[in-house]
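First up is the structure itself, then whatever we jot down about it.
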Amino acid sequence: MKKLLVMAGAAIIAFGSCQKNAGPSASLKTELDTLSYELGMANSKGLKTYLSERLGVDTAYMDDFYKGVASAAQAGDDKKKAAYFAGIQIGQQLGTQMYKGVNYQLFGEDSTKTISLRNLIAGFIAGTKGKGEKIPMKQVEKELQAKMTSFREKQLSTVYSANKEAGEKFLAANKSKAGVKTTKSGLQYKVIKEGNGPIPADTAKVQVSYEGRLIDGTVFDSSYKNNNGKPVEVVVNQMVPGWIEALTLMPEGSVWEIYLPQELGYGSREAGDKIKPFSTLIFKLELVKVEK
């Protein structure tokens, strides 16, 4: 509602004028004239900040903003103009929010790499028309997400190659240590305490206590500290793959130390401010109770 009032205020300021320096002079002849003017004044507060911070408008070009508002407001029921202004609005979103957002998603801080804005626009228009597509829509829907993931992982694997290699070296050395076992998936674990209770299914609710750390010893999470020392309840199959595998091997009452290769943890994702992409993770994991 506030946004609408702000925009309404901007329209009143600009309405009826495309002059360069600010809009019409007020004529306060009637009570309604005064009300109109005060409404504009009241809703102008914070407008420049909103335009700059939320819409990315350079406030050095406010006169052009006023012209745009006046032109759109006076279009009335003209369907051709309405379609054109809608196109401008969508185009700005496409060329700023989506274009920049996808570039960051795929390439992070690497500004030397971008998707093709020209092809983005061409694909958008072809998809909207529903004809003349160079690639069938069904094919796009089927393969786009996988391609996005692949591009992102390639970029991140370059940026975080040292992190990935450090984890691989750690696991290679760790697997030969006393008491450490390795499963087919690459999960490594060491039994600190062997329980004798039931082993949970992957659909089970369980109570666990845990501490997670990076290979350099940095603790990134701990139920012992963050949950007043009390166990937390989780559903097994809602956890990362390494936890799912470990929990479905552990009898109730067990305490293990588990070592997760990056692909059994968060993979190419960043989790919080401490877990970087491709991080090998270590957990002390205690299966306190399997819920019935």
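Decide, for region 30-134, between rounded, prolate and oblate: order the square roots of the alpha carbon gyration tensor eigenvalues as a ≥ b ≥ c, take rounded if a/c falls under 1.5, and otherwise choose prolate if a/b is larger than b/c, else oblate.
oblate
So what is log10(I(q)/I(0)) for region 169-292 at q = 0.10 1/Å, when the Debye sum runs over its Cα atoms only?
Log10 I(q)/I(0), no solvent term: -0.28.
Counting each pair of different Cα atoms once, what's the Kirkwood radius of region 133-183 in Å, rounded to one decimal?
14.2
Can you tell me the relative contact order of region 79-158? Whole percent, Cα pairs under 8 Å, sequence separation 6 or more.
30
Run the numbers on the chain and let me know its relative contact order in percent, using alpha-carbon pairs under 8 Å that are six or more apart.
14
Given 37 °C and 0.692 mPa s, compute D for the chain with the Stokes-Einstein relation, Rh being the Kirkwood radius over Cα pairs; round to the nearest whole µm²/s.
133
Using the number of other C-beta atoms within 10 angstrom as an exposure proxy, rank 263, 143 with the fewest first.
The order, fewest Cβ neighbours first, is 143, 263.
Label region 235-292 by shape, choosing from rounded, prolate and oblate, from the square roots a ≥ b ≥ c of the eigenvalues of the Cα gyration tensor; if a/c is under 1.5 it is rounded, and otherwise prolate applies when a/b is larger than b/c, oblate when it is not.
Cα axes put region 235-292 in the prolate bin.
Quick one: 3J(HN,Hα) in Hz for region 278-286, Karplus 6.51/-1.76/1.60 with θ = phi - 60°, rounded, Gly and Pro as x.
6, 7, 7, 10, 10, 10, 8, 10, 10
List, in order, the whole-Hz ³J(HN,Hα) value for each residue of region 100-115 obtained from phi through the Karplus relation with A = 6.51, B = -1.76, C = 1.60 and θ = phi - 60°; use x for Gly and Pro.
Once rounded to whole Hz, the list reads 5, x, 5, 4, 5, 4, 7, 10, x, 7, 6, 6, 7, 10, 9, 6.
Could you tell me how many degrees, from 0 to 90 and to the nearest 10, lie between the Cα long axis of helix 79-92 and the main elongation axis, the longest principal axis, of the Cα atoms of the chain?
That helix lies at roughly 40 degrees to the long axis.
Highest GNM mean-square fluctuation, the chain, Cα pairs closer than 10 Å: which of 65, 278, 107?
65
On C-alpha positions alone, give me the angle between the axis of helix 62-73 and the longest principal axis of the chain, in degrees, nearest 10.
Tilt relative to the chain: about 80 degrees.
What Kirkwood hydrodynamic radius, in Å, does region 79-158 give when the mean of 1/r is taken over all pairs of distinct Cα atoms and then inverted?
After inverting the pairwise mean of 1/r, the radius is 14.3 Å.
Quick check: Cα centre of region 252-292 to Cα centre of region 102-170, how many Å?
If you average the Cα positions of each part, the centres end up 28 Å apart.
Just 200, 261, 136 to compare: in a GNM of the chain, with alpha carbon springs under 10 Å, which one fluctuates most?
136
Where does the chain land at 222 nm, in deg cm²/dmol rounded to the nearest 500, when only DSSP H runs of n ≥ 4 count, each adding -39500 (n - 2.57), divided by all residues?
When only DSSP H runs of four or more count, the value is -14000 deg cm²/dmol.
Each reported figure results from applying straightforward, stated rules to the coordinates on display, with no laboratory input. On a predicted model such as this, the values are computed, not experimentally measured, just so you know. No Cβ is skipped: glycine too gets one built from the backbone with ideal geometry, and neighbour counts run over all protein chains shown.
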